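Have a look at the structure below, then the notes.
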Amino acid sequence: MSIQDRLRGDPEPVSETEVIRYWLRAELDEEDGGPDPDALDTDPALREELFERKPIAERVFTPQRADWYHADLSEGALRDLRVVVGPHDEGWRALADDNRIESIARRIYEAEDVTALDEETPKDLGEVVALADEIDSEGPQSRLIVVAEGDDPAYVADGNHRAVAHVLHLLRGGAYEGQEAYLGVRENGG
């Protein structure tokens, strides 16, 4: 079953430019500075600013274009997302038994000492725990950037900390209120 079959409601088509602006705005908020994404009026300027800050974005937005949607993921789709693509045993993949967001959240949830696990990993698991603690009854307010390429499972291009935190929240018994995402779909892979 594809991720498109596991959405809540109908996804709304959006432009690639809207997704790039959203992602760049999120990166600039974290940096606390930089150009106004709404003031960058050309696609090349937006891409250049985003690619400079997030190299994975080049894989997401070039060379083969995707069809983009604003979607609400089902709980099953969220749990089944894969971590950002890259070399095996590096970054998030070093924490995942099967490259799934849920396996990382489960490792954190079952850890006797999250601080010790955090020290062994290349990611800030303390941030994940803090994000999970902050999820309220309305669910996360930020969107993930998710890509589905051909028959491969969908992966999180941006928002891995937030996605893991959301699943950790669910493992702790929290309610699922939805997870918005920008979903890019490439029929023949990337």
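Descriptive notes on the structure:
- Cα-based shape type of segment 111-190, given that a ≥ b ≥ c are square roots of the gyration tensor eigenvalues and the cut on a/c is 1.5: oblate
- Rounded to the nearest 20 debye, dipole of the chain from Cβ charges on Lys, Arg, Asp, Glu: 520
- Between the alpha-carbon centres of segment 151-177 and segment 50-85 there is a gap of 13 Å.
- The order of the peptides 92-98, 172-178 by mean Cβ neighbours within 10 Å, most packed first, is 92-98, 172-178.
- Residue-averaged 222 nm ellipticity for the chain, from DSSP H runs of 4+ at -39500 (n - 2.57), nearest 500: -11500 deg cm²/dmol
- Convex hull (Cα only) mean projected area of the chain, reported in nm² to one decimal: 10.9
- Over all other residues within a Cβ to Cβ distance under 9 Å of E149, the charged ones net out to -2, with Lys and Arg as +1 and Asp and Glu as -1.
- Normalised contact order of segment 47-112, rounded percent, pairs of Cα under 8 Å and 6 or more residues apart: 20
- Take every pair of alpha-carbon atoms less than 8 Å apart whose residues are at least six positions apart; their mean separation over the length of the chain yields a relative contact order of 27 percent.
- Sparse-neighbour loop sites [GluC sites (Glu not before Pro); segment 87-151; at most 13 other C-beta within 10 Å; DSSP]: E90, E112, E120, E138
Just so you know, all these numbers are worked out from the coordinates, no wet-lab data involved. Only a predicted model underlies this, so the values are computations on that prediction, with no experimental measurement involved. Neighbour counts are summed over all protein chains in view; Cβ atoms, including those assigned to glycine, are modelled from backbone coordinates with ideal geometry.
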